[in-house]
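Notes for the one structure printed next.
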Amino acid sequence: QVQLVESGGGWVQPGGSLRLSCAASGSIFRLNVMGWYRQAPSKQRELVAAMTSGGTTNYADSVNGRFTISRDNAKNTVYLQMNSLKPEDTAVYYCNLQSRGVGYWGQGTLVTVSS
């Protein structure tokens, strides 16, 4: 069983920054993809950014150049540095791990961007 625990959400003014963290524990195969999704009210969950254990990254167009994903494989932890935040970035952010064809989700952390 795999567990994902997120932290780092909160409220920030437009133009500000936040850093999310997600620590995975349990039986984790070393080859995997860790990433972040988000879901705004009345919208579908969407991919924000993902990173393979080998270092390949993928970003949504809406965050490219503003957000940076990174990970520490030794700690099974993934991070999301969010800069130049906009009100439209407001959402619940979910950590995701894909391994051996199975997907795991964190409980979600709320990010609110408003003045």
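The values are calculated or read from the model by the stated rules, or taken from the named source; none is laboratory data. Bear in mind that the values here come from a model prediction, so they are computed numbers and not experimental data. Neighbour counts are summed over all protein chains in view; Cβ atoms, including those assigned to glycine, are modelled from backbone coordinates with ideal geometry. Keep in mind that these areas ignore ligands, DNA and RNA; they rest on the heavy atoms of the full protein, side chains included. Shrake-Rupley method; radii C 1.70, N 1.55, O 1.52, S 1.80 Å.
The figures follow:
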read-out	value
With every protein chain in place, the chain: carbon and sulfur % of accessible area (1.4 Å)	47 percent
Dipole magnitude (debye, nearest 20) for the chain, charges at Cβ of Lys, Arg, Asp, Glu	180 debye
The range 73-115 - Debye-derived log10 I(q)/I(0), Cα point model, q = 0.16, 0.22 Å⁻¹	-0.57, -0.87
As computed over the range 1-61, the Cα convex hull volume per residue (Å³)	125 Å³
Two-decimal log10 I(q)/I(0) for the chain, as the Debye equation yields it once each C-alpha is a single scatterer, q = 0.22, 0.23 Å⁻¹	-1.22, -1.32
